[in-house]
Amino acid sequence: MVPERDIARAVAALQAGDVIGLPTETVYGLAGDASNPAAIARIFAVKGRPASHPVIVHVPGAEHMARWARDIPPAATQLAARFWPGPLTLVLPRQPAVLDAVTGGQDTVALRVPSHPVALAVLRAFDGGLAAPSANRYGHVSPTTADHVRDDLGGEVALVLDGGPSHVGLESTIVACLDGTVRVLRPGRVTRTDIQAVVGPLHDATTAVPRVPGSVASHYAPRTPVELVDAAQLPATLATHAAAGRRVALLTPGDGQSGEAREDSGVRARVDVHAHLTAADTPDGYGRELYAHLRRLDRAGADTIVVVRPPDGDLWLAIHDRLRRAATPRA
Ligand code: TXA
Ligand code: MG
C-alpha cells in the first residue's frame, strides 16, 4: 500500500495545480484539480486529447454530488447509494460553476466515487473534485498498472502513485440520468442487469446526446492492428497470415483450467504464432487482465494481434465492447 507521506505529496501536487497518476479500481487516472483551469489544461496537454472531450470528476463521497450536479433525480441518488464507491459514473445536469473545460461545454457533468483505497485516501485528503481521464495517451489502451502509466506518460506527471494492478481493469460503466431517463452510455463491470435491479427498465442509449467521446469507435486500441475472430475461424485466419508471411500475436480465451493468464497452451504447438497469451475464463479475470495482455502483445513485434472472441452474455458485454473498439482501425 502507498505510504501516508506519498498521499500527502500527491495532495500537495494537486493543490499546486500539478497532475498525478492515480490508481483506481477500474484503470489508472491522470488526475488534476477539477476546479483549476490550469490543471485541466495540463491533463489535456499530457494526454494529447481534444479539448472538446469532457472528463469525469472524481469525488470522495456521494455527499459531494450537489457541489457539481443540480436537479439530481432519485434514480441517480439510488444508483450512487448502491454502487459508490465503485466502478459507476453518473452523468447529471451540471452546476453552473463547473468549468467548461471539464464538461466539454455541455450542460452535464460526469461524477464517480472510486473504491480504490489509495484514490479514496487522496480524495478525502484533497476534499474536492479530481478530474481524471484514463492515464494513457489519447486513443491508446488504458493503463491498469503504475508501470503502464509511466510507459505512456512517464516524464510528464508530477508523480504516479502505485496502488497495484487495477482490480476491475475496464473503465467504469457510464450511466446518464437526464430528462427523466436512465441510459447506459458505456458498459462496464456494473451491468445493465445490476442497474435495472435498482431503477427498473432502462432507456436505450442513443449515440448523439450527450456526446461520449470515449465511444469514438477506435478508442482503447493497441498500435498493432487487432483482428477479432470466432474460434472456428482461427485456423483459417492463422493460415492466411502464415501464407502472407505475417507475424501473429494471439490472445485466446481461457480453457477453464486456470483463472490466471498463461504464457502458452496447445494452440502454439499446432500453429506458428509469434506470441500467445491465454486469458482468464471468467469475465472478472478476463476484464482485469485484458489491457495488460493487449499491451504485452502490442510489444511482441507482431504484424497483427488476433483475438479469439470470448463467450457471450451480460457479464461479458463490456469486454466485447472494448475488444470491438480495439479492433476498429483508427481514422
Ligand atoms: O473508470 C473510469 O471511468 C476511468 C477512471 C480513471 O475513473 N476514467 C475514464 O475516463 O475512463 P476517460 O476520460 O478516459 O473516459 C471518460 C468518459 C469519456 O467517454 C467521456 O466522454 C465521458 O466519460 N464523459 C465525461 N463527462 C461526460 C459528460 N458530461 N457527458 C457524457 N459523457 C461524459
Ligand atoms: Mg480513456
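At a glance:
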{"quantity": "Most mobile of ARG192, ARG112, ARG246 in a GNM of the chain (Cα contacts under 10 Å)", "calculated": "ARG246"}
{"quantity": "Segment 271-322-segment 28-104 distance, computed between alpha-carbon centres (Å)", "calculated": "30 Å"}
{"quantity": "Within the chain, percent of DSSP bridges classed antiparallel, to nearest 5", "calculated": "45 percent"}
{"quantity": "Longest exposed-site-free window of the chain, the sites being GluC sites (Glu not before Pro) in a DSSP loop that have at most 16 other C-beta atoms within 10 Å", "calculated": "1-259"}
{"quantity": "Net charge, ARG112 excluded, C-beta distance under 13 Å - Lys, Arg +1, Asp, Glu -1", "calculated": "0"}
{"quantity": "Spin-label pair ARG299/ARG70, simplified geometry with 7 Å Cα→Cβ offset, distance in nm", "calculated": "4.9 nm"}
{"quantity": "Per residue, the convex hull volume that the Cα atoms of segment 72-123 enclose (Å³)", "calculated": "87 Å³"}
{"quantity": "Magnitude of the charge dipole, the chain, Cβ model with Lys/Arg +1 and Asp/Glu -1, debye to 20", "calculated": "560 debye"}
{"quantity": "Value of Rg/Rh across the chain [Cα atoms, Kirkwood radius]", "calculated": "0.98"}
{"quantity": "Under the Karplus curve 6.51 cos²θ - 1.76 cosθ + 1.60, θ = phi - 60°, whole-Hz ³J(HN,Hα) for segment 122-129, x wherever Gly or Pro sits", "calculated": "5, 4, 5, 5, 6, 6, x, x"}
{"quantity": "Difference of contour (0.36 nm per residue) and Cα-Cα distance, THR77 to VAL198", "calculated": "42.5 nm"}
{"quantity": "Table column - 3J(HN,Hα) (Hz), segment 287-301, Karplus curve with 6.51, -1.76, 1.60, x for Gly and Pro", "calculated": "x, 4, 9, 3, 5, 5, 4, 5, 5, 5, 5, 5, 8, 6, x"}
{"quantity": "Dimensions in Å of segment 4-199 - Rg and Dmax from alpha carbons", "calculated": "15.3, 45"}
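We did not get these values from a lab; they are worked out from the coordinates using the rules stated. Predicted model, so just to flag it, every value in this text is computed and none were measured. All Cβ positions, glycine included, derive from the backbone under ideal geometry; neighbour counts span all protein chains shown.
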